[in-house]
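J.: Below you'll find the structure I mean.
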Amino acid sequence: MSDLKKPDVEEIEKIYDHESSDVQLIVNNETVLLPIPSEDPKDPLNLPPWRKWAILVIISAFSCSAAVLASGLGLIFPMVVRDYPGQELKANDLQTYPTLFMGIGNMLSLPITNVVGRRAIFLASIVLLIVGGMWCAYSQSLESHIAGRMVMSLAAGQSEALSPMIVQEIHFLHERGRKLGWFIFIQNFTVGIFFFSETYMVSAWGWRWWYGFFTIFNAVVLLVAFPLASETLWIRPDAATEGVPNASTDTHLNELTRVTTAHGNIIRPDIYGPRTWRSDLKLFTKGSRWSTVPVFYLDLLKGFCHPTLFWLLVLNGAYLGLYIFQASTFAGVLLKPPYSMTFNNLGYVQGAQILVCIGFLPLLGYGSDLVIKFMSQRNNGTYKAEYRLLLLIIPGISTLICAIIYGQAAQYPAEWNRLAVAFPYNFIFFGFLGANIVGITYGIDSFPLKAAPVLVVICAGRGLISFGLSYAVLPSIAALGYDGIMNILGGLTAGITVLAVPLYFFGPYLRRLGRVYYGFGESKTHHGAH
């Protein structure tokens, strides 16, 4: 959107279902900008494209490091556990507790970001990730190592909820899928590179320098983030967030006017003042009052009780739990006879996630936005959040098939090839990415005024579920075998995914339920200032 000239802004008729949050996305073959941007140059929606890309890359770099540190220990775990002889069972806590503390980190930090801003908490999370990495690198006992990973995971949790929150706050609804797709792509593509190289890194330097490398990496991210990762929290009227035109705003009593991509937005530095580096470098931003923090937790509790959001967290928890089960076991399976892979070659298995990301971006990133625009055009330009659910078809089918194959190949290695472990492992990772992007976009689009608690419900909730599932890895293998537990987890995940079919038809009614009876149709945060 250009700020060089005043565009010809087109007012269109109000076509909005307040109770279900259906919005008019396409008008006269033009895409409507949702949320409605303000005229203030400091509005994050008015950031220039290069700045939005810079923020997206910074967020992705932080999230990449957080993901590797919290979830990437499985690949090098056989090397780590050698330093703790006789404590192999307890050492499994190094892999299981991070998912729990990532969820706790989400619950603690996100409501505070509504008060002091996203920037302060994001920068603090990078610092805490650095501290946690140094703690683990210099730990002298298994207990200290576990404690360091707990602290580190509190910061890493921001990669799950705060990071996508920032990405969606600087982009419009019609581009949200592909921008979140780019975020997930950059994050996991880089994760794949690190996974590919970490076996060589640990073989050459030892696992302590694995933490040391990412501590240095995060220090560099912090240096880049401080000047470029500007504040993205912006208190805008509910009507602007939901795309209701011709509604009076709280500021300057202006009327909101729907604008399209063809015409752009009005930028008025003469009224609001220009965006400056001084304003961008502010550490804290005045958002909501501290009194809204209990309201956030009340919304969070209601979110866990809402059928749609509960399904989304169970869906994401099932996919993540399935992936974590594999991530915790595939190295041990492939290192043992008859597969007998070398430790360094495990990096090729994990590094194949690079190929998964290359397929994910066009299919589930750009594909998400193409699907909603196509379906909206078929529906007279009206967008329904349920269109996002169509993206679950491919991940759902591939995950079920691959879960069964992985279980058989792990339980009966003499009858299978090592590719029967490697391919399902990466395809189930693809399934998790699909559930992740569907969960985030569908949840936010369903209740845009409650984006923060929605993200915590999904991300923290799935962390708690996956913690419970992954904590039972060793006992379940002993009791049921790889094939038994993968059949159960695969069938459970498939059954939860199939519930998307009735949700596609009844979702609008559940959204009305949330907005009318759960209070998800009002933000209660408009007493803040910038």
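J.: What about Ile405, is it modelled with pLDDT of 95 or more, over 26 Å from the mean Cα position of the chain (by Cα) and either within 30 Å of Gly461 (Cα to Cα) or not hydroxyl-bearing (Ser, Thr, Tyr) (or both)?
T.: Spelling it out, Ile405 is indeed modelled with pLDDT of 95 or more, over 26 Å from the mean Cα position of the chain (by Cα) and either within 30 Å of Gly461 (Cα to Cα) or not hydroxyl-bearing (Ser, Thr, Tyr) (or both).
J.: Give Tyr412, Tyr383 a once-over and let me know the one that is of a type in the set (Phe, Trp, Tyr), over 19 Å from the mean Cα position of the chain (by Cα) and buried (at least 20 other Cβ atoms within 10 Å of the Cβ).
T.: Result of the check over Tyr412, Tyr383: Tyr383.
J.: Please note which helices (runs of 4 or more DSSP H) are completely contained in the stretch 128-229 and include at least 1 residues that are among the aromatic types (Phe, Trp, Tyr) and in contact (Cβ under 8 Å) with a residue 24 or more places away in the chain.
T.: On the way: elements: 142-156, 162-169, 173-205, 207-228.
Here the list reads 173-205, 207-228.
J.: Related question: Can you pull out every residue in the stretch 327-348 that is in a helix (DSSP H, G or I) and at pLDDT 90 or above? Walk me through it before giving the result.
T.: From the stretch 327-348, those in a helix (DSSP H, G or I) are 327-335, 346-348; that's our starting set.
Within the stretch 327-348, Phe330, Val333, Leu334, Leu335 meet the criteria.
J.: Just to be sure before I move on: is Ile465 under 20 Å from Leu320 (Cβ atoms) and either surrounded by fewer than 24 Cβ atoms within 10 Å (Cβ to Cβ) or in contact with a Phe, Trp or Tyr (Cβ under 8 Å, 6 or more places away or on another chain) (or both) in the structure I sent? Break it down stepwise before answering.
T.: Values: under 20 Å from Leu320 (Cβ atoms): yes; either surrounded by fewer than 24 Cβ atoms within 10 Å (Cβ to Cβ) or in contact with a Phe, Trp or Tyr (Cβ under 8 Å, 6 or more places away or on another chain) (or both): yes.
When the stated conditions are applied, Ile465 passes them.
J.: Please work out which residue is nearest to the chain's Cα centre (by Cα), limiting yourself to the stretch 20-53 and to residues that are in a loop (DSSP other than H, G, I, E, B) and acidic (Asp, Glu). Give the steps one after another, and end with the answer.
T.: Looking only at the stretch 20-53, we keep the residues that are in a loop (DSSP other than H, G, I, E, B), and these are 20-21, 25, 28-29, 33-43, 47-48.
If we keep only those that are acidic (Asp, Glu) too, we end up with 39-40, 43.
On the way: Glu39: 29, Asp40: 28, Asp43: 23 Å.
Of everything passing the filter in the stretch 20-53, Asp43 is nearest to the chain's Cα centre (by Cα).
J.: Let me ask something additional. Are there any pairs with C-beta distances below 6 angstrom linking a residue in the stretch 231-252 that is acidic (Asp, Glu) to a residue that is modelled with pLDDT under 50, with the two at least 6 apart or on different chains, and if so which?
T.: Asp250/His526
J.: Then there is this: Name every residue in the stretch 332-349 that is hydrophobic (A, V, I, L, M, F, W, C) and within 17 Å of Asn417 (Cβ to Cβ), in order of residue number. Talk me through it step by step, then tell me what you get.
T.: The initial filter retains those residues of the stretch 332-349 that are hydrophobic (A, V, I, L, M, F, W, C), namely 333-335, 341, 343, 346, 349.
Those that are hydrophobic (A, V, I, L, M, F, W, C) and within 17 Å of Asn417 (Cβ to Cβ): Val333, Leu334, Leu335, Met341, Leu346, Val349.
J.: Determine if the stretch 322-338 includes at least one residue that is among the basic types (Lys, Arg) and in contact with an Asp or Glu (Cβ under 8 Å, 6 or more places away or on another chain).
T.: Here is the first cut: in the stretch 322-338, the residues among the basic types (Lys, Arg) are 336.
Next cut, in contact with an Asp or Glu (Cβ under 8 Å, 6 or more places away or on another chain) only: none.
Looking for residues that are among the basic types (Lys, Arg) and in contact with an Asp or Glu (Cβ under 8 Å, 6 or more places away or on another chain), one finds none in the stretch 322-338, hence no.
J.: Return the residues of the stretch 78-100 that are assigned to a helix (DSSP H, G or I), farther than 23 Å from Asn316 by Cβ and in contact with a Ser or Thr (Cβ under 9 Å, 6 or more places away or on another chain); say none if nothing qualifies.
T.: Residue satisfying the conditions is Met79 alone.
J.: What are the residues in the stretch 203-217 that are over 18 Å from Ala70 (Cβ atoms) and buried (at least 20 other Cβ atoms within 10 Å of the Cβ), if any?
T.: none
J.: Would you check if Glu231 is surrounded by 22 or more Cβ atoms within 10 Å (Cβ to Cβ), of a type in the set (D, E, K, R) and out of contact with any strand residue (DSSP E or B) (no Cβ under 6 Å at 6 or more places or on another chain)? So that I can check it myself, show each step before the final result.
T.: Values: surrounded by 22 or more Cβ atoms within 10 Å (Cβ to Cβ): yes; of a type in the set (D, E, K, R): yes; out of contact with any strand residue (DSSP E or B) (no Cβ under 6 Å at 6 or more places or on another chain): yes.
For Glu231, the condition - surrounded by 22 or more Cβ atoms within 10 Å (Cβ to Cβ), of a type in the set (D, E, K, R) and out of contact with any strand residue (DSSP E or B) (no Cβ under 6 Å at 6 or more places or on another chain) - is met.
J.: Filter the stretch 302-344 down to residues that are among the polar types (S, T, N, Q) and touching a residue at least 40 places away in the same chain (Cβ under 8 Å) and give me whichever is farthest from Met201 (Cα to Cα). I'd like the intermediate steps shown before the answer.
T.: Residues of the stretch 302-344 that are among the polar types (S, T, N, Q), as a first pass: 308, 316, 326, 328-329, 340, 342, 344.
Adding the requirement that they be touching a residue at least 40 places away in the same chain (Cβ under 8 Å) leaves 308, 316, 326, 328-329, 344.
Numbers: Thr308: 43, Asn316: 32, Gln326: 22, Ser328: 20, Thr329: 21, Asn344: 9 Å.
Top of the filtered list is Thr308.
J.: I've got another one for you. Does Pro245 count as of a type outside the set (Ser, Thr, Tyr), at negative phi and at pLDDT 95 or above?
T.: On the way: of a type outside the set (Ser, Thr, Tyr): yes; at negative phi: yes; at pLDDT 95 or above: no.
When the stated conditions are applied, Pro245 does not pass them.
J.: Among the residues of the stretch 493-519, which ones are touching a helix residue (DSSP H, G or I) at 6+ places or on another chain (Cβ under 6 Å) and either under 14 Å from Phe447 (Cβ atoms) or aromatic (Phe, Trp, Tyr) (or both)?
T.: Tyr504, Gly507, Leu510, Arg511, Tyr518
J.: Within the group Ile358, Ile404, Ile428, which residue is of a type in the set (A, V, I, L, M, F, W, C), surrounded by fewer than 18 Cβ atoms within 10 Å (Cβ to Cβ), closer than 21 Å to Glu160 by Cα and touching a residue at least 60 places away in the same chain (Cβ under 8 Å)?
T.: Working: Ile404 fails: closer than 21 Å to Glu160 by Cα; Ile428 fails: surrounded by fewer than 18 Cβ atoms within 10 Å (Cβ to Cβ).
From the options Ile358, Ile404, Ile428, the qualifying one is Ile358.
J.: One residue is enough: does the stretch 339-349 have a residue meeting the conditions within 19 Å of the chain's Cα centre (by Cα) and not hydroxyl-bearing (Ser, Thr, Tyr)?
T.: no
J.: Further, regarding this structure: Assess whether Leu513 counts as being assigned to a helix (DSSP H, G or I), under 18 Å from Thr308 (Cβ atoms) and touching a residue at least 60 places away in the same chain (Cβ under 8 Å).
T.: For Leu513, the condition - assigned to a helix (DSSP H, G or I), under 18 Å from Thr308 (Cβ atoms) and touching a residue at least 60 places away in the same chain (Cβ under 8 Å) - is met.
J.: Regarding the stretch 352-364, can at least one residue be identified that is over 20 Å from Gly481 (Cα atoms), more than 21 Å from the chain's Cα centre (by Cα) and not in a helix (DSSP H, G or I)? Spell out the reasoning first.
T.: Pass one, the stretch 352-364, residues over 20 Å from Gly481 (Cα atoms): 352-364.
Checking which are more than 21 Å from the chain's Cα centre (by Cα) leaves us with none.
Checking the stretch 352-364: not a single residue is over 20 Å from Gly481 (Cα atoms), more than 21 Å from the chain's Cα centre (by Cα) and not in a helix (DSSP H, G or I).
The values are calculated or read from the model by the stated rules, or taken from the named source; none is laboratory data. For clarity, every value in this text was computed on a predicted model and none was experimentally measured. So basically every Cβ, Gly included, is an ideal-geometry build from the backbone, and we count neighbours across all protein chains shown.
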